[in-house]
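*Asks:* For reference, the structure I am asking about is given below.
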Amino acid sequence: MRRDTSLIIVFIVFSSMLTLVACVDDDPIKPVHCENCPSENYPTPYSLKLPPLFASQTAPLNIPADNPLTVEGIALGKKLFFEKRLSINNTISCASCHQPENSFNDRGKSFSLGAIGQPGHINAMPLVNLIYADRFNWDGSANSLEEQALIPVAHPLEMMEKWVDVAIKIQADPVYVLEFGKAFPNESIDSTTITKALAQFERTLVSGNSPADNYFGAEVGIVPQGRVLTVEEIRGFEVFDDPDRGDCGHCHGGQYNPNWTDYTFRNNGLDLNPDSGLAKVTKQPFDVGKFKVPSLRNLKYTAPYMHDGRFNTLEEVVQFYMDGVEPNSTNISVDMFHRTGANGHTIALTLQEKSDLVAFLKALTDEEFVTNPNFRP
Amino acid sequence: MKTFFKTMFITATIGLAVSLNACDTDDDDDNTTPVFPSQSVGINFMHLSGADTIELNTSNRPYTNALGQQYNVTKLRYLISNVTLHQVNGVDIELDEYFFVDISKPETFSFTGSRMIPQGTYSGISYTFGFDENDNTDGIYTDLNVANWNWPSPIGGGYHFMQLEGRYIDSNSADQFFATHMGTARKIDSTGTTFEANHFTVMIPNSGFVVGNSNIELEFTMNINEWYTNPVNWDFNVYGAGIMPNYNAQKLLNTNGKDIFTVRMK
C-alpha cells in the first residue's frame, strides 16, 4: 500500500510538472501573494443575468470548472481588458481593438494595428455572447477564452509582449496585488490568473436586447425590453429565412437561435483559392478555407466584414452572396447551393428584398449592449 | 499497484455510471405494471453506403448509388424518435428520447436508453424518422435550435429530419453538390399552399430479439444508398442541392426511406 501511495504521489507530481510545462514562460517569476487579503471571504460567486429569451433557447453556458464567475474576478478582468501594460510598450490594451462602443471589435479596420503600429493579419472579431461558444478565433485556434487570451499578448503582430514581462509589470503594482489576492486567493499573478480574469469579464459580455430579440421573444411570451421589428425588417427576416431567397439559416440559424450562428467552420466561397483557415489548426486538407461562422449580432457596429474585412457594408455582403460566391472554391460549404440547386450559384433578390434583408440584419443590433456602462472602465 | 489500478478502475466506473445517469431524462411516471427483473438498452448507430462504412470528406468519390453515380459524403445528420420495442405479449415500450445523430461527432452514436426493459421475447423495433406532427413543433428543442436544425417556416417549419451532403460526379463528368435535406413537404397547387407532415414510422424487418439476464445493445445501421433506391432510383442530376422546397423530392425521400435501417443485437 505504501508503494501504491508513493506511486500516486510520483504520478501527481509528474502530472503537475506536465501542466507547468504546458504553461507559458512566466515560471521564473516568484509567485506574489496578497499578504493582507482576507481570503476567507473571497472571491464572491457571481450570478450572471441572462436575457430571458436565451434561458430557453440557447446552448448551455461554457464556464470552465476551474474558473467560475466571481465578482472580484470579473472586476479584475475588466480592468485588465483596458490595461495597456499588457503590450510591449504599454501603448495598447485588449480594448484598443475590441472597443465596447463597437460591440468589442475594431470598427472600420480590416486589420487592427499592433503595439508599434504594424497591421495584423486577420479581422478582429466582436466579443459577444462568447459564454456560449466553445471554439475561438476565425481559425478555431483556441478552445477556451482563457486559451484565446494568451495569444494576442504574445503575438508579434499584436501586443508583442512576453508573458513573463506582463507578469513582472502587474506584480509590481500594489493595487493589482490586492485585487488578484481577492479574485484568486493563494494563486500567483501570472498568465494563468490574468487570462482567467480576462475570460471571466468576457463571459459577462452578453447581448440580448435587439429589436429582433424583442420581436421573437414576444412571440413566446417575453415582455419586450425595447422596440420590436418594423414591417420592413420583418420582410427582411422572411427573405433571410426563405430557402428560395436568402437561405441564411443553414449557417446563421433563425428566430430560435438567438446567437445567429451554429459555431461551425465553413468556407463560404470568398475565393477560388481560399486562405487556410481551420486547416491551419487541424492540418486536414478538407478544412482548408473554413472559417468560423460569425454571429450576426450587432452588425451595425462591426464593419468591415469577413475574416479579412473585405466588405465595408452589409449591402456588399448581401451582393456577394447573390452573385459573388466562387462555386469552385476549395471545400466550399454545400449549404451555399440550396437556393439554386447544385449547378448554379447566383440568386436574384429584388432591390426591395435586398434592402429589407439589410434592414433586418441591422435590427440584430443591441444598442443597450454597446452603451452598457458595466462594460466600460 | 494492483490496488491502485483497481481503485482507478472503480473510480472510472463510478464516474461513467454517474455521467450516464446524468443523461437520463426519464421521468418515469407510469408505475402501473412494474415488471422485474429488467435490463438497460444500449443503442448504437452505424452508417454504410452499400457495404462500405462511411468516411467523411474523402477527396475521391468512393460511393455509388443505384444509378451508378459516384459520390462522397461531407455531412450526415439525422433525427429519429418514437423508438418502440414491441414485446410478443403485445406490450410496447417506447423510449422517451429522440436521437439526433451527427456522424462527425462520435459521442452522438451511442446512447443508453432511458428505460429499463423487461426480460422476454420482442417481436421487433419500430421508429419514426424525424418527428411526427405531435413532436414537430417550432423551436421547442434547445439542443436542436443551437444546431440550426430548424426547418424554415416558409416551407412548413418544425425541424429538419436529415441533412445528407456531399459531392457527386454529374452527367457531364463534372463535380457537383448534393444536399439531401428532408423535412416537412410544402405543396403548392391551384388550391394554394399546404404543408404535409413528412415523417414515416416503420417496423424494422427482422428486428426481433430476446432479453435474458443481461443488458442489451442494439445496433442500428443506416445504409444511405437506400435513400436513393427502392422503389425509385434517385438521380443527383435532378435532385442535387436545393430540394427542401421541392415537394416531389421530399415525398420521394419518404417513399424511399422506409428501408434505410437494419438492426441487430450485439
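The values are calculated or read from the model by the stated rules, or taken from the named source; none is laboratory data. What you see is a predicted model, and the numbers here were worked out from it, not measured in a lab. Positions of Cβ are generated from backbone atoms using ideal geometry, with glycine treated the same way; all protein chains shown enter the neighbour counts. When the accessible area is computed, the model is the full protein with side chains, heavy atoms only, and any ligands, DNA or RNA have been set aside. Shrake-Rupley method; radii C 1.70, N 1.55, O 1.52, S 1.80 Å.
*Asks:* If A:Ala303 satisfies all but one of (1) assigned to a loop (DSSP other than H, G, I, E, B); (2) surrounded by 17 or more Cβ atoms within 10 Å (Cβ to Cβ); (3) within 12 Å of chain B (Cβ to nearest Cβ), what's the number of the condition it fails?
*Replies:* It is condition (3) that A:Ala303 fails.
*Asks:* Helices (runs of 4 or more DSSP H) wholly in the range A:36-102 with at least 1 residues that are within 14 Å of another protein chain (Cβ to nearest Cβ) and among the small types (Gly, Ala, Ser) - which ones? Full working, then the answer.
*Replies:* Details: elements: A:52-57, A:71-81, A:94-97.
Output list reads A:52-57.
*Asks:* Hey, can you tell me all the residues within the range A:153-166 that are out of contact with any helix residue (DSSP H, G or I) (no Cβ under 7 Å at 6 or more places or on another chain) and either modelled with pLDDT under 95 or open to solvent by less than 50 Å² (accessible area, probe 1.4 Å) (or both)?
*Replies:* A:His155, A:Val164
*Asks:* Does A:Ile222 count as at pLDDT below 95 and within 25 Å of A:Ser47 (Cα to Cα)?
*Replies:* Yes.
*Asks:* If B:Ala174 satisfies every condition in (1) at the interface with chain A (Cβ under 10 Å from one of its Cβ atoms); (2) open to solvent by less than 10 Å² (accessible area, probe 1.4 Å) but one, which is the exception?
*Replies:* The failed condition is (2).
*Asks:* Only residues that are open to solvent by 10 Å² or more (accessible area, probe 1.4 Å) and in a strand (DSSP E or B): list them for the range B:115-128, please. Steps first, answer last, please.
*Replies:* Narrowing the range B:115-128 to residues open to solvent by 10 Å² or more (accessible area, probe 1.4 Å): B:115-116, B:118-121, B:123, B:126.
Once the filter is applied, which keeps residues that are open to solvent by 10 Å² or more (accessible area, probe 1.4 Å) and in a strand (DSSP E or B), the range B:115-128 yields B:Arg115, B:Met116, B:Pro118, B:Gly120, B:Thr121, B:Ser123, B:Ser126.
*Asks:* If you go through the range A:136-152, how many residues are under 22 Å from A:Ser207 (Cα atoms), open to solvent by 20 Å² or more (accessible area, probe 1.4 Å) and either at pLDDT below 95 or part of a helix (DSSP H, G or I) (or both)?
*Replies:* Number of matching residues: 2.
*Asks:* Where residues in the range B:71-85 are more than 22 Å from B:Gly42 (Cα to Cα) and polar (S, T, N, Q), which of them is farthest from the other protein chains (Cβ to nearest Cβ)?
*Replies:* B:Asn72
*Asks:* Looking for whichever is surrounded by fewer than 15 Cβ atoms within 10 Å (Cβ to Cβ) and at pLDDT 95 or above here; the options are B:Thr262, B:Thr180, B:Thr255. Which one fits?
*Replies:* B:Thr255
*Asks:* Continuing with the same structure: If you go through the range A:101-118 one residue at a time, do you hit one that is more than 18 Å from the chain's Cα centre (by Cα), of a type in the set (Ser, Thr, Tyr) and more than 18 Å from A:Lys292 (Cα to Cα)?
*Replies:* no
*Asks:* Continuing with this model, one more query. Quick one: A:Arg310 ticks every box in (1) closer than 26 Å to A:Gly108 by Cβ; (2) surrounded by fewer than 18 Cβ atoms within 10 Å (Cβ to Cβ); (3) within 14 Å of chain B (Cβ to nearest Cβ) except a single one, so which number is it?
*Replies:* All conditions are met except number (3).
*Asks:* Output the residues belonging to the range A:81-95 that are out of contact with any Lys or Arg (no Cβ under 8 Å at 6 or more places or on another chain) and farther than 15 Å from A:Ala167 by Cα.
*Replies:* Residues satisfying the conditions are A:Phe82, A:Cys94, A:Ala95.
*Asks:* Only one residue in A:Ile92, A:Ile88, A:Ile9, A:Ile74 is open to solvent by 60 Å² or more (accessible area, probe 1.4 Å) and modelled with pLDDT of 85 or more. Which one? Talk me through it step by step, then tell me what you get.
*Replies:* Working: A:Ile92 fails: open to solvent by 60 Å² or more (accessible area, probe 1.4 Å); A:Ile9 fails: modelled with pLDDT of 85 or more; A:Ile74 fails: open to solvent by 60 Å² or more (accessible area, probe 1.4 Å).
Going through A:Ile92, A:Ile88, A:Ile9, A:Ile74 in turn, just one is open to solvent by 60 Å² or more (accessible area, probe 1.4 Å) and modelled with pLDDT of 85 or more: A:Ile88.
*Asks:* Sort out which residues of the range B:227-251 are more than 14 Å from chain A (Cβ to nearest Cβ) and surrounded by 20 or more Cβ atoms within 10 Å (Cβ to Cβ), and write them in order of number. Before the answer, list the steps.
*Replies:* At the first step, the residues of the range B:227-251 found to be more than 14 Å from chain A (Cβ to nearest Cβ) are B:227-233, B:251.
B:Trp227, B:Tyr228 - these are the residues of the range B:227-251 that are more than 14 Å from chain A (Cβ to nearest Cβ) and surrounded by 20 or more Cβ atoms within 10 Å (Cβ to Cβ).
*Asks:* Going through the range B:60-75 one residue at a time, which ones are under 25 Å from A:Thr264 (Cα atoms) and buried (at least 16 other Cβ atoms within 10 Å of the Cβ)?
*Replies:* B:Arg61, B:Tyr71, B:Asn72, B:Val73, B:Thr74, B:Lys75
*Asks:* Something else about it: Report, by residue number, each residue of the range A:322-334 that is part of a helix (DSSP H, G or I), open to solvent by less than 60 Å² (accessible area, probe 1.4 Å) and either over 21 Å from B:Leu76 (Cα atoms) or at pLDDT below 90 (or both).
*Replies:* Within the range A:322-334, A:Met322, A:Gly324 meet the criteria.
*Asks:* Can you name the residue in the range A:267-296 that is within 13 Å of chain B (Cβ to nearest Cβ) and open to solvent by 30 Å² or more (accessible area, probe 1.4 Å) and, of all such residues, is nearest to A:Ser207 (Cα to Cα)?
*Replies:* Among residues in the range A:267-296 that are within 13 Å of chain B (Cβ to nearest Cβ) and open to solvent by 30 Å² or more (accessible area, probe 1.4 Å), the one nearest to A:Ser207 (Cα to Cα) is A:Ser295.
*Asks:* Follow-up. Within the range B:207-238, work out how many residues are at pLDDT below 95 and either among the hydroxyl-bearing types (Ser, Thr, Tyr) or under 30 Å from A:Phe337 (Cα atoms) (or both).
*Replies:* 3
*Asks:* Go through (1) open to solvent by 10 Å² or more (accessible area, probe 1.4 Å); (2) more than 10 Å from chain A (Cβ to nearest Cβ); (3) in contact with an Asp or Glu (Cβ under 9 Å, 6 or more places away or on another chain); (4) not polar (S, T, N, Q) one by one and return the number of the condition B:Arg167 breaks.
*Replies:* Unmet for B:Arg167, out of (1) open to solvent by 10 Å² or more (accessible area, probe 1.4 Å); (2) more than 10 Å from chain A (Cβ to nearest Cβ); (3) in contact with an Asp or Glu (Cβ under 9 Å, 6 or more places away or on another chain); (4) not polar (S, T, N, Q): (2).
*Asks:* Answer with yes or no whether B:Ile103 is over 26 Å from B:Asn254 (Cα atoms) and crowded, with 19+ Cβ neighbours inside 10 Å.
*Replies:* Considered against the rule, which asks whether it is over 26 Å from B:Asn254 (Cα atoms) and crowded, with 19+ Cβ neighbours inside 10 Å, B:Ile103 comes out as no.
*Asks:* Could you tell me which of the residues A:Ser103, A:Ser112, A:Ser47 is under 22 Å from A:Asn374 (Cα atoms) and without any contact (Cβ under 8 Å) to a residue 60 or more places away in the chain?
*Replies:* On inspection, the qualifying residue turns out to be A:Ser47.
*Asks:* From the set of residues in the range B:129-153 that are assigned to a helix (DSSP H, G or I) and without any contact (Cβ under 8 Å) to a residue 24 or more places away in the chain, which is surrounded by the most Cβ atoms within 10 Å (Cβ to Cβ)?
*Replies:* B:Asn145
*Asks:* Kindly state which helices (runs of 4 or more DSSP H) lie completely within the range A:171-266 and contain at least 2 residues that are within 14 Å of another protein chain (Cβ to nearest Cβ) and open to solvent by 10 Å² or more (accessible area, probe 1.4 Å).
*Replies:* Qualifying helices (runs of 4 or more DSSP H): A:211-219, A:231-241, A:249-252.
*Asks:* Give the range B:183-211 a look and list any residue that's out of contact with any strand residue (DSSP E or B) (no Cβ under 6 Å at 6 or more places or on another chain), open to solvent by 10 Å² or more (accessible area, probe 1.4 Å) and over 30 Å from B:Val88 (Cβ atoms), or say none.
*Replies:* Within the range B:183-211, B:Ile188, B:Asp189, B:Ser190, B:Thr191, B:Gly192, B:Thr193, B:Ala197 qualify.
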